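Engineer: First the structure, which I've put down as structure tokens, then a few questions once you've had a look.
The values are calculated or read from the model by the stated rules, or taken from the named source; none is laboratory data. For clarity, every value in this text was computed on a predicted model and none was experimentally measured. All Cβ positions, even for glycine, are placed from backbone atoms using ideal geometry, and neighbour counts span all protein chains on display. The accessibility values were calculated without ligands, DNA or RNA, using every heavy atom of the protein model including side chains. Shrake-Rupley method; radii C 1.70, N 1.55, O 1.52, S 1.80 Å.
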Amino acid sequence: MATDAYRIRVEGMDCASCALKIETAMQRLSGVADVRVSYSAGTLALRLDRDRISPSTIDEELRSLGYRPEAIASSPSSIRAERKRLPWWQDAKLQSVMIAAAVFALAFALSQLFPAFERWLYSAAAAICLIPIARRALIGARSGSPFSIETLMSVAAVGAVMIGEAEEAAVVIVLFGVGEWLETFAAGRARSGIEALIDVVPRTARRLRDGSDEVEEIPAADLMIGDVVVVRPGDRIPSDGKVIDGHSDVNEAPITGESVPVAKAVGDHVYAGSINANGELRIETTNAAADNTIARIIHLVEEAQETKAPTERMIDRLSRWYTPAAMLVALLVIIVPPLGFGEDWATWIYRGLATLLIACPCALVISIPAAITSGLAAGARKGLLIKGGAVLETLGKVKTVAFDKTGTLTLGQPQVTDVVSVIGQDDAVLARAAAVEGNTSHPIGQAIVRAAKARALQTPIVFGGSQAVPGKAISARLKDGFAFVGSPRFAAERITIPPELATTISGLEHEGKTVVVLISGKTCEGVIALRDEPRPDAAGALRQLTSKGIAVVMLTGDNARTAQAIAGQLGIEARAELLPDAKLTEIRRLKAVSPVAMVGDGINDAPALAAASVGIAIGGGTDVALETADAALLNDRAHGVAELIALSQATLGNIWQNISIALGLKAVFLATSLLGVTTLWMAILADTGATVLVTANALRLLRWRASAS
């Protein structure tokens, strides 16, 4: 059966109970599968068989439940418009609370004037305020959720009126409305954690008119691929693109979380929302507004919020029988003391109703998604992209981290490590070699040229360009004759290498370095050694992991000599010469012992990344990082692995704190209810208070900071 993906935003869904109600209703529809609902993101995602059900049927079902389906915007500017906040006085739930409070206040005022009608006035107020709640309870029951929170409230309110506690029934309904509005407010705060990214993209862009230097200001959402924009110092970059003119430092903190500005010059890529620091840049747009990095991060995080963590799924299963069980317990509280021990019926009906209100699962159900949402948002704002609650939870349980070498623990390109001169100075050898390699595209030649530029060396003039000797060397004619840069084997074919130099070359190669020899005529001028060196932060990142008791291993397809040399520098174990299938086998072996994370560049390590408990992409470029693996380090820093694990552990701790708060408060107030201390209004206030506490605790994660490296 072929199915299509269908994803929409659901307005009015602002608590975990709403999400459960929608999920249950959708699962009952024929032709619908893979239902994922996120109250924190306010989204519904599913797969539907269009031969059996249409999207309009889905939308109608949502409307019947009291929610409003809306299309999901694509670009940041569209998202910004879509989520424009209404003034607080226009909030529907707050208006409902104010109406209920006004009805209760009117009943109170009239009861002072007509005390004989007090019970009837409060009963009427309770009935009026209960109508929308009871209606939602009936709709939920028809949609497969007979034991919803609205059902509990309706039963408790009707019961209170029947035993002559109409005044408390009205107060309870008002407090329930206040609690619902607080959940709406809390949900908005949780969503703001990721929506803050929207505002970093400017609303307008300064685009060059075709074929001229004339600048026009247009909406950033109207930029097309290939458009050239001018970004002045202090401006935010309006779209992902490539620098075609100018150089500047760019603050990429809004995207990567890395506060140190990054130098950008012609050919470098930049991201929408980054801040240009000190030089004018001309940037060619490479992505449409709907596909820029910020928009993709927002949508990926929202999709991640739709996937439930194992603990959240456990609580969802618990809540499906928790409410009917709570109603059964309340019923037993009502009937056992009067029937079994001759106690007063009114007293124990009252206590049973209080028990029913305390049993509301709001705080328990919201405890996990609130923490997961805050954790995902906190990570995204620091360049740590985590694709789902399950991934976030698993990261905190990882016992082994396996790293690829090239581009992960190392920089991914050779660096000049040694220059040994035979004739003249080391700088002269490097300058002449750079002149020979000046126009090469070979990584070794480019590394030599970069090293010469880094030392600000003046390279000799080359006459007639360079010529390659395939697989062996490259040559060029300098002022004093032809010079060659080639392998030691090529050099040995042309000249006799002195024994002491041969020993030096052998020693450098034993350290896992690639060696090239500079020859002029029949003379060896010197040798240059290169190696793909470790990232500057690699050693510190590995120490962070081992200090947490996490085992670290390097898996690489490189030769054993090079692998051992790098591993020795970093102080870790290396397993070398692993083809992709052997690397995959090694990951599976490690995973059989305990949860394992695989860190790779997101390109060559796809099988191992997929097989690991958690696959983490680093160093493969933002596009690859966003599309591969379970988590991605957008800041391209090895320290991000330890930060991911630390964030996961902080989130797991927050989850168990929330569960303890929710269940602990219920246990305390259950005891006081049975003892007759807790009133109905105190019971519902306790539930509302627990919801506020767990939400506030979850929102603390938005201020999470990684420990100093």
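Engineer: Compute the relative contact order of the chain as a whole-number percentage, counting only Cα pairs closer than 8 Å that sit 6 or more residues apart in sequence.
Structural biologist: Relative contact order for the chain comes out at 13 percent.
Engineer: I'd like to know which of Trp348, Ile528, Pro488 lies farthest towards the positive end of the charge dipole of the chain, counting +1 on Cβ of Lys and Arg and -1 on Cβ of Asp and Glu.
Structural biologist: Working it through, the farthest residue towards the positive pole turns out to be Trp348.
Engineer: Moving to a separate point now. Rounded to the nearest 500 deg cm²/dmol, what is the calculated helix-only ellipticity per residue at 222 nm for the chain, with -39500 (n - 2.57) per DSSP H run of length n ≥ 4?
Structural biologist: Values: 24 runs with 355 residues, N = 709.
The per-residue figure over the chain is -16500 deg cm²/dmol.
Engineer: Subtract the Cα-Cα distance of Arg317 and Arg477 from 0.36 nm times their separation in residues, and report this length gain in nm to one decimal.
Structural biologist: 49.9 nm
Engineer: Given the Cα-Cα distance of Asp418 and His442 and 0.36 nm per residue of separation, how much length would full extension add, in nm?
Structural biologist: 6.8 nm
Engineer: Go through the range 689-702 residue by residue and turn each phi into a ³J(HN,Hα) via Karplus (6.51, -1.76, 1.60, θ = phi - 60°); whole Hz please, and just put x for glycine and proline.
Structural biologist: Along the range 689-702, the couplings run x, 5, 4, 5, 5, 5, 5, 4, 5, 5, 5, 4, 5, 5 Hz.
Engineer: Moving on to the next point. Scan around Thr410 for amide H atoms under 5 Å from its own, H built in the peptide plane at 1.01 Å from N, and keep only partners 5 or more places away or cross-chain.
Structural biologist: Distant-sequence amide H within range of Thr410: Arg535.
Engineer: Given +1 on the Cβ of Lys and Arg, -1 on the Cβ of Asp and Glu, and no further charges, what dipole in debye does the chain carry about its Cα centre, rounded to the nearest 20?
Structural biologist: 820 debye
Engineer: Which of the aspartates and glutamates could be linked to Lys397 by a straight reach, that is with a Cα gap under 17 Å, when you skip same-chain ones fewer than 8 residues away?
Structural biologist: Glu312, Asp630, Glu643
Engineer: Related question: Please list, ordered by chain and number, the residues whose modelled amide H lies under 5 Å from the amide H of Thr417; skip anything fewer than 5 residues away on the same chain.
Structural biologist: Ala529, Leu530, Arg531
Engineer: Enumerate the calculated ³J(HN,Hα) couplings along the range 161-175 in order (Karplus 6.51 cos²θ - 1.76 cosθ + 1.60, θ = phi - 60°), each rounded to whole Hz, writing x wherever the residue is Gly or Pro.
Structural biologist: Per residue, the Karplus-derived 3J(HN,Hα) values read 5, 5, 9, x, 10, 4, 4, 5, 4, 5, 4, 4, 5, 4, 5 Hz.
Engineer: Additional query: Given a Förster distance of 22 angstrom, what is the FRET efficiency for Ala105 paired with Glu11, based on the Cβ-Cβ distance and rounded to 0.05?
Structural biologist: 0.15
Engineer: If r is the Cβ-Cβ distance from Asp51 to Ala141 and R0 is 22 Å, what FRET efficiency results, to the nearest 0.05?
Structural biologist: So, using R0 = 22 Å, E works out to roughly 0.15.
Engineer: Would you rank Ile461, Ile334, Ile8 by solvent-accessible area, highest first, keeping every protein chain in place and using a 1.4 Å probe? Please list the in-between numbers first.
Structural biologist: Numbers: Ile461 120, Ile334 30, Ile8 10 Å².
Greatest to least solvent exposure: Ile461, Ile334, Ile8.
Engineer: Give me the percent of the accessible area of the chain that comes from carbon and sulfur atoms, probe 1.4 Å, all protein chains in place.
Structural biologist: Working: 17590 of 30570 Å².
Whole-percent figure for carbon plus sulfur exposure: 58.
Engineer: Right, here's the next one. Taking 18 Å as the cut-off for C-alpha to C-alpha distance, list the pairs among Lys387/Lys591; Lys399/Lys548; Lys405/Lys548; Lys382/Lys591 that go past it. Let's see the in-between values first.
Structural biologist: On the way: Lys387/Lys591 20 Å; Lys399/Lys548 9 Å; Lys405/Lys548 22 Å; Lys382/Lys591 28 Å.
Too far apart for the 18 Å limit: Lys387/Lys591; Lys405/Lys548; Lys382/Lys591.
Engineer: Taking amide H positions as placed 1.01 Å from N in the peptide plane, with prolines and chain starts having none, which residues 5 or more places from Asp249, or on another chain, fall under 5 Å of its amide H?
Structural biologist: Distant-sequence amide H within range of Asp249: Lys264, Ala277, Asn278, Gly279.
Engineer: Through the Karplus equation 6.51 cos²θ - 1.76 cosθ + 1.60, θ set to phi - 60°, convert the phi angles of the range 19-24 into ³J(HN,Hα) values in whole Hz; use x for Gly and Pro.
Structural biologist: Running phi through 6.51 cos²θ - 1.76 cosθ + 1.60 with θ = phi - 60° gives 4, 5, 5, 5, 4, 4 Hz.
Engineer: Now a separate question. With the other protein chains left in place, how much accessible area per residue, in square angstrom, belongs to the chain at a 1.4 angstrom probe?
Structural biologist: Here the per-residue accessible area is 43 Å².
Engineer: Label 7 Å along Cα→Cβ of Arg561; the range 504-520 residues with amide nitrogen under 17 Å?
Structural biologist: 504-517
Engineer: Compute, for Ile495, the solvent-accessible surface of its heavy atoms (probe 1.4 Å) with the complete set of protein chains present, and express it in square angstrom to the nearest 10.
Structural biologist: Solvent-accessible area, nearest 10 Å²: 20 Å².
Engineer: Once the piece of chain linking Ile335 and Asp34 is laid out straight, how much longer is it, given 0.36 nm per residue of separation minus the C-alpha distance between them? Can you show the working numbers first?
Structural biologist: Values: separation 301, 0.36 × 301 = 108.36 nm, distance 4.25 nm.
Additional length available on full extension: 104.1 nm.
Engineer: Could you tell me which trypsin sites (Lys or Arg not before Pro) in the range 520-588 are loop residues by DSSP with no more than 10 other beta carbons within 10 angstrom of their beta carbon?
Structural biologist: In loop regions of the range 520-588 (DSSP not H, G, I, E or B), the sparsely surrounded trypsin sites (Lys or Arg not before Pro) are Lys522.
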